1. Would you mention how many residues in the range 634-656 are touching a residue at least 12 places away in the same chain (Cβ under 8 Å) and either part of a helix (DSSP H, G or I) or more than 16 Å from LEU535 (Cβ to Cβ) (or both)?
2. Is at least one residue of the range 660-669 touching a Phe, Trp or Tyr at 6+ places or on another chain (Cβ under 8 Å), open to solvent by 40 Å² or more (accessible area, probe 1.4 Å) and at pLDDT 85 or above?
3. Working carefully through the options GLU567, GLU578, GLU571, find the one that is open to solvent by 50 Å² or more (accessible area, probe 1.4 Å), under 30 Å from GLU642 (Cβ atoms), not small (Gly, Ala, Ser) and not in a helix (DSSP H, G or I).
4. Looking at (1) open to solvent by less than 70 Å² (accessible area, probe 1.4 Å); (2) under 16 Å from ILE303 (Cβ atoms), which is the one condition that is false for VAL461?
5. Among the residues of the range 609-620, which ones are more than 23 Å from LYS530 (Cα to Cα) and open to solvent by less than 30 Å² (accessible area, probe 1.4 Å)?
6. Conditions first: (1) farther than 14 Å from ILE832 by Cα; (2) among the hydrophobic types (A, V, I, L, M, F, W, C); (3) open to solvent by 20 Å² or more (accessible area, probe 1.4 Å). VAL488 passes all but one, so which condition is the exception?
7. Being at pLDDT 90 or above and assigned to a helix (DSSP H, G or I) is the filter here; which residues of the range 429-451 pass it?
8. Within the range 705-734, how many residues are in contact with a Gly (Cβ under 6 Å, 6 or more places away or on another chain) and within 16 Å of CYS775 (Cβ to Cβ)?
Amino acid sequence: MTSREATSPTGPSTTDHTQDTYPEEGESNSSSEPEDVTSSRYRSFIDSVGTNRMGYLGTGLFVLSLILGLASLGGYLYSTTLPSGVTYYWPVREATFALAPLGFAILLLSVTVLLPSSRRLVGLGIIGTLVCGLAVGLFTTVYPENWSSSSQAVTGPVVGGYALGLGILILTTGIATRTKRRQLHQDQDETQTTSTTQSAPPSLSTALDEGSLESGIADGDERDERHIHANHPVRLDTNAVDDLGDLHTTLVAAPGIHLESDAAQIGNEWARTLYIAGYPDRARIGMLESALAMPTADFDYSIHVHPRDPSRTIATLKKSIRDLKVKQVEKSERGDVTQLDTERTLAEHETIYSRLIEGSQQVFDVGIYLTIRAEDREQLDRITDQLRTSLQAEQLTPKSASFQQDDALVCTSPIGRDVLGHSAMMLGDGVGALFPFSLGTHIERDGVLMGYHSVTGSPLVVDRFAREKGYNCFVVGNTGAGKTFDTVLNLLRTLGKDDETMVIIADPFGDLAVLSEILDGERIVVSGTKGLNPLELSPTPEHILEGSTDLDPYKQTVQKNVMGFLEAFFEMENTSLEGKRGVASVAVREAYQRKGITPDPATHGNESPTLRDVRDVLRDITQNPLDFIEGDPGDVSDIEVELWTRRASQLRMDLEPFREGGEYEHLARQTEVEIGDSPVVYLDMQQVEGEQKTGLMLQLLLHAVYEQAKQTDKRVIFAIDEAHYLMQSSATLAFLERAVRHSRHFDLSIQLITQTVDEFFSADKEQAKTIADNCSLKIFHQVEGLSDANAAEWLGFSPPEAEFVRTAKPGSEADGYSQALVEVGEVGRFPINVRALPEETALITGEADQMSKKAAEGDSAGTHMPHSQAPEGARNGNGLDDDVDEEIEPIMSLEETQATRRDTNGAATAPIDEEEAVVDFDDLEPEEAARLLKTFGPKKLCKDPLQDGSNDPNHQSGRDGTQ
């Protein structure tokens, strides 16, 4: 692969200063011995130290090769006009075929002679030429009578001999070219080294010191001053001013650049520039955004747009249309199959022409360049292949700027010059389809930090309760992908930022328990002792009923939720509600009626019935079925009465586990899971065994939370880990779908956390897909095995987005972050890096407790941890070696009403209340203070003067916390 070396400037510009230099004393600007044109050109462009003889020889050989080539071409063309029977036909053909290879051999020899080469190298080239000449001579002795491709005895020596000589010439030419390139690099290095010492005009300061600015001449000149003023106006040499551009280049340029045919090594980094050579017939809006959404790649790209002169463009189109019409007629007469292509092209040209005439469109020349950067050549090639595939999927044809990588780098640099000129004509709407390039960032006023854009590094701040189509969230990721850490981090930031939001967690395996431990939340163990009433119906606030005309709490609870629970229970018990659903529905409505609950919302404050009440109603039906059958008792047949009796009796037996002392007696009592005022309620489900039973309990818990969310003024986030348990039955899915669809009426955000995408999006789970689609916030951590086809069909992902999800970095201490693709409702998708502050990491991983214990041990020993060894979150912002406990303890005890203060000697003092257990921001640097504020909120950590932001312009109060 051809390469060339160049080094960035290390001093002033290396531009040729021949016209600005001054001869030394005693020298002349003119040469004493003028050279002829050939010698001058040879020394200027080929070899400044070579002899004139080599220049003459090389030039002569070059001219001779051209003459032989032209003679061969002319002879061949002349032979084509001769009939084969002419006596001199074959001699002309023989001379033609002999002159061409001989001329080519002499051409290669001329290159070797002209370039700076040793005598041995030139001699070797002459040998190669002689071998080629011998082969040509042998050819003339056997052509045409004995020349045959089938006779190896004759053709073999000719072809082999010429190939040997040609190989020698190519070798000598390559060595000479390489020698010349090295000489150029050496000359460039010498020029850069000596440029600062070359003779130059005196500086402006020197001119002012040595000359008289008033007169424009040096002091002491004895010429007439009046003559000087009259004939020598004052002139200042602006070349004396230092070139700031050269100085800037010296400061910012890379230490060196190594150019290859299709890549460049800039310092320790590799780069390759591509340009778009082909475009689709129809530009799709955002095609570049989809093609270039590669967060794992580092590349720059630029779009050069230049408007065309409309009148010239219209004239060009006229000529093109005329030519196309002629071609169309010709192809039609010949029956050419490509006539349809010509007709389509002609129609497109006519459409563009008419739009230009109407003035509805303008034509532009558009050039797109992309510079890919990587740490090594292998990585560069891999990213290039990925980018090519992505661009080709959008019908964009990328090509490498071969042997022009230096100029191509200028095209994507801040200089903004299209020095290559690889452009295509494009209408204005096509240009508009290229913008915007990508969604770089999105910040919502009352949102929390989700992460930082993986490409631009810009923050993504989202408020889930600002979505127009509901507040639900869907989180998916393989085991170990970072979804648990990210979920806890996001909920922690939400609670720290907004006191009007509470979090409820249903967790079958205990993965999310850390959030409750951090904030001292309420922990409720869901087992066989806590009452959960599937029939619970809470009153709905009037303002919600007035604002939601489609909301019917009675119908949703009595006819759908309760019946859905019974169906899920029967399915779990491997039985069926088929044939008994009508009787069960009547029994459930009667149980509500006996509690005084009707469709009237005013009655929904009464105590809800339980499944024991339903069993009592079923007993009454078996005893007096006519009291429950609609219509005139006289019109009811004995068979119908018998069916009601038998089915009510069967239902009552099926619900036997809900009697007092039964397996599920806790599900036949009033709900004992109260949300309360705690910011975190953790529902521990680790004692619930079996997937179906876990799914049923999750349904009941969701129902309980749904009902109690009506009664609180706070916004509620209900996070359900291992949400795939809710997929166990169609009845549970139907319940979940209703809850997701109506949750926004009560400021309820249901957050579903699962491990695989197909659990919700596969073709046979349309109901589950509807649930996920109703989640306006979706977070995709690493999902291995997600194919491009499934990603496109299920999720609408582009190939780069699917690749990002497949290869997203899982959370690791070494990387310091995990990656996720976040889809924000009506806004778009963002590839992000999820990073936690050191304080947040310490809280979530439990390191904060360890630091507190170490600090306590240090206090008891009367020693302090050195500042250089203290964890980052435990160091005082002003650099003093303060006690670690003084900073960690207030964070760990946000909900405590008592705290312990320590003096500078580590001794405990009197207890203080929560308002005093705050971080002392006077001792913190602004950056550390901002971190704590963003994490935990101003109301938890700030003293009164900072809560309203009146004394600190760097802080804001309210739900949006600190900006």
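The values are calculated or read from the model by the stated rules, or taken from the named source; none is laboratory data. Please read all numbers here as calculations on a predicted model, not as lab measurements. Cβ coordinates were reconstructed from backbone atoms using ideal geometry, including for glycine residues, and neighbour counts include every protein chain displayed. Accessible surface is based on the protein model in full, side chains and every heavy atom, while ligands, DNA and RNA are left aside. Shrake-Rupley method; radii C 1.70, N 1.55, O 1.52, S 1.80 Å.
1. In the first step, residues of the range 634-656 are kept if they are touching a residue at least 12 places away in the same chain (Cβ under 8 Å); the result is 641, 644-645, 647-652, 654-655.
This time we only want the ones that are either part of a helix (DSSP H, G or I) or more than 16 Å from LEU535 (Cβ to Cβ) (or both), so: 641, 644-645, 647-652, 654.
Total meeting the criteria: 10.
2. Keep residues of the range 660-669 that are touching a Phe, Trp or Tyr at 6+ places or on another chain (Cβ under 8 Å), which gives 664-665, 667-668.
Within this subset, residues satisfying the condition of being open to solvent by 40 Å² or more (accessible area, probe 1.4 Å) are 665.
Cutting the leftovers down to at pLDDT 85 or above gives us 665.
There is at least one residue in the range 660-669 that is touching a Phe, Trp or Tyr at 6+ places or on another chain (Cβ under 8 Å), open to solvent by 40 Å² or more (accessible area, probe 1.4 Å) and at pLDDT 85 or above.
3. Numbers: GLU567 fails: not in a helix (DSSP H, G or I); GLU571 fails: not in a helix (DSSP H, G or I).
Matching residue, one of GLU567, GLU578, GLU571: GLU578.
4. Looking at each condition in turn, VAL461 falls short on (2).
5. As a first pass, look at the range 609-620 and keep what is more than 23 Å from LYS530 (Cα to Cα): 617-620.
VAL617, LEU618, listed by residue number.
6. (3)
7. none
8. Step one: of the range 705-734, the residues in contact with a Gly (Cβ under 6 Å, 6 or more places away or on another chain) are 725-726, 728, 731-732, 734.
Among the residues that remain, those that are also within 16 Å of CYS775 (Cβ to Cβ) are: 726.
Here the count works out to 1.
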